[in-house]
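Just below is one structure, and these are the notes that go with it.
The values are calculated or read from the model by the stated rules, or taken from the named source; none is laboratory data. Computed from a prediction, not measured in an experiment: that's the story for all the values here. So basically every Cβ, Gly included, is an ideal-geometry build from the backbone, and we count neighbours across all protein chains shown.
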Amino acid sequence: MQYDVKIVGGTIVDGTGSKGIVGDLGIKDGKVVAQGAAPGEARECIDAKGKIVAPGFVDIHTHYDAQVLWDRMLSISPWHGVTTVVIGNCGFGVAPTRPQHRELIMRTLEKVEGMSLDALRQGLGQDWPFESFPEYLDAVERRGAAVNIGVLAGHTPIRLNVMGEEAVQRAARPDEVKAMQHIVREAMEAGAIGFATSHASTHHGYDGNPVPSRLAEVSEIDALVGAMADSGRGTMQATIGKSLFFDEFAAISRRYGVPITWTAMLAGIAGPGSHRRHLERSRQLIEVDGLNIIPQVSCRPLMFDFEFDAPFPFEMRPLFKRTMQTDRSGRRAIYGDAAFRKAF
């Protein structure tokens, strides 16, 4: 056979869990057509002796939604062999965004994901090249990227787009839910891979407000997943909360037949040993109930580094709401207050 590219002499690790084998790989028309033995000539031959030949990693949980617009390399994921990323996780994103809400979206990303507000302002600029979700996908495609990108339609910008600043204050009215459903359908038609949301108590946005998706009733989330499912495809991604977990996932999955992936299965997620209980419930949902509800798992220990300038682990506590509503000098004064220190 004539190949376009042949990679020879490397240790092939194919991603199935099988033991690596030394051999050759033949590629033609962008597809692997021979593995292990690849007899024949090739227009290009790559010597991989002493190296691993493997599929690229798919990083299913990233937040490059803004960064992709100024960093086509999506640093640092490709440095570690990632060839596909999924963005829009936890319902965060930058589209759809009305011009008057741009600052609120950037301040939300700063707060909930620890992004530099200065970097966001400089990178996105004054005139964003999009407003709607389809326009955002077009902007990403025009710029190009070093790796493949799958985009989830994020609940937070969708809710803010429809409800304005009331998105962080109340439940949506029926007419507002219908408007959000329209945006989700439009996003799926444009190429979104699914819909993402969050009810996590740790997710605060600008001025210490909950991110918009946290104010959504489960019926609203259900309706938006239904709008996604109208396309005949799509995955729901969610960050769990007290009112959005196994029972709600099971009901949504049964109703629409969609896969659901949730964040995140961590050791001691709800107290010592609780992850084993959650693993067992996950097994039952999959093996007994036949539902495609899959937890996301960190591939290494998850560490929180923080300063009291932005004390993320404590900000789920009402005591710290004041610190999220003031500048650095104001926070120093709060921390110095004897009553605050006693309460802490």
Item to check | Unmet requirement for Arg281, which otherwise passes all of (1) surrounded by fewer than 13 Cβ atoms within 10 Å (Cβ to Cβ); (2) in contact with a helix residue (DSSP H, G or I) (Cβ under 6 Å, 6 or more places away or on another chain); (3) of a type outside the set (Asp, Glu) | outcome: (1)
Checklist entry - What residue, among those in the stretch 297-332 that are aromatic (Phe, Trp, Tyr) and outside any loop (DSSP other than H, G, I, E, B), is surrounded by the fewest Cβ atoms within 10 Å (Cβ to Cβ)? => result Phe314
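Residue-wise test of (1) in a strand (DSSP E or B); (2) not acidic (Asp, Glu).
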{"residue": "Val22", "(1), (2)": "yes, yes"}
{"residue": "Gln35", "(1), (2)": "yes, yes"}
{"residue": "Ala95", "(1), (2)": "no, yes"}
{"residue": "Glu103", "(1), (2)": "no, no"}
{"residue": "Trp128", "(1), (2)": "no, yes"}
Checklist outcome for this item: Reported set for the stretch 150-186 where residues are farther than 18 Å from Gly205 by Cβ and in a helix (DSSP H, G or I) is Pro174, Asp175, Glu176, Val177, Lys178, Ala179, Gln181, His182, Ile183, Val184, Arg185, Glu186
Checklist entry - Looking at the stretch 253-302, which of the residues that are more than 18 Å from the chain's Cα centre (by Cα) and of a type in the set (A, V, I, L, M, F, W, C) is modelled with the lowest pLDDT? => result Ile269
Item to check | Residue list for the stretch 37-77, filter: touching a Ser or Thr at 6+ places or on another chain (Cβ under 6 Å) and either in a strand (DSSP E or B) or among the aromatic types (Phe, Trp, Tyr) (or both) | outcome: Ile52, Val58, Asp59
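Let's see how each residue does on (1) more than 19 Å from the chain's Cα centre (by Cα); (2) not charged (D, E, K, R):
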{"residue": "Ala95", "(1), (2)": "no, yes"}
{"residue": "Arg98", "(1), (2)": "yes, no"}
{"residue": "Ile105", "(1), (2)": "no, yes"}
{"residue": "Val112", "(1), (2)": "no, yes"}
{"residue": "Leu120", "(1), (2)": "no, yes"}
{"residue": "Gly123", "(1), (2)": "yes, yes"}
{"residue": "Gln126", "(1), (2)": "yes, yes"}
{"residue": "Pro129", "(1), (2)": "yes, yes"}
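Here is a yes/no grid of residues against (1) farther than 24 Å from Met106 by Cβ; (2) surrounded by fewer than 20 Cβ atoms within 10 Å (Cβ to Cβ); (3) in contact with a His (Cβ under 7 Å, 6 or more places away or on another chain):
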residue: Arg170; (1), (2), (3): no, yes, no
residue: Thr197; (1), (2), (3): no, no, yes
residue: Thr202; (1), (2), (3): no, yes, no
residue: Asp222; (1), (2), (3): yes, yes, no
Checklist entry - If you go through the stretch 110-140, how many residues are surrounded by 20 or more Cβ atoms within 10 Å (Cβ to Cβ) and farther than 17 Å from Asp71 by Cα? => result 3
Checklist outcome for this item: Checked pairs for the stretch 76-93, first in the same structural domain as Leu215 (by TED's automatic domain parsing), second charged (D, E, K, R) and crowded, with 24+ Cβ neighbours inside 10 Å, C-beta under 6 Å and 6 or more apart or across chains, list as Ile87/Asp65; Gly93/Asp65
Checklist outcome for this item: Over the stretch 115-167, the set of residues within 20 Å of Ile183 (Cβ to Cβ) and either among the small types (Gly, Ala, Ser) or not assigned by TED's automatic domain parsing to the domain that holds Gln237 (or both) is Ser132, Ala139, Gly150, Ala153, Gly154, Gly164, Ala167
